[in-house]
Amino acid sequence: MGRLIMVDVIIEAIDEVYTPPNVGAQAFWLKNRQKEKWMDKPFNRYDEEKIKLDREKFEFEKKTKTNDKVNQESALESLIKSLDKAVK
């Protein structure tokens, strides 16, 4: 009878595995590299004008509220003066 000899042979091999492109990573890279060109919502002239009008409206309302407070204070002062006159 003969002998049975087992020999382990280790073979190193490099497999090339296909990795599909990651669209999210590509979009992230583009958005960081060229922000003006690849932003989610492009900034256009209409948006710029709308922001300007909103800012003007805010400033107008702010001034109006300030004027209303001044008018209320002056109305209260005149009411107090008239009450003082009535009491005297």
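The values are calculated or read from the model by the stated rules, or taken from the named source; none is laboratory data. Not measured: the values here are computed from a predicted model.
Key figures
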item	result
Lone unmet requirement of (1) in a helix (DSSP H, G or I); (2) modelled with pLDDT of 75 or more; (3) of a type in the set (Gly, Ala, Ser) for Ala75	(2)
Hits in the range 1-37 - residues which are at pLDDT below 85 and within 41 Å of the chain's Cα centre (by Cα)	Lys35, Glu36, Lys37
Within the range 41-66, tally of residues that are at pLDDT 80 or above and part of a loop (DSSP other than H, G, I, E, B)	0
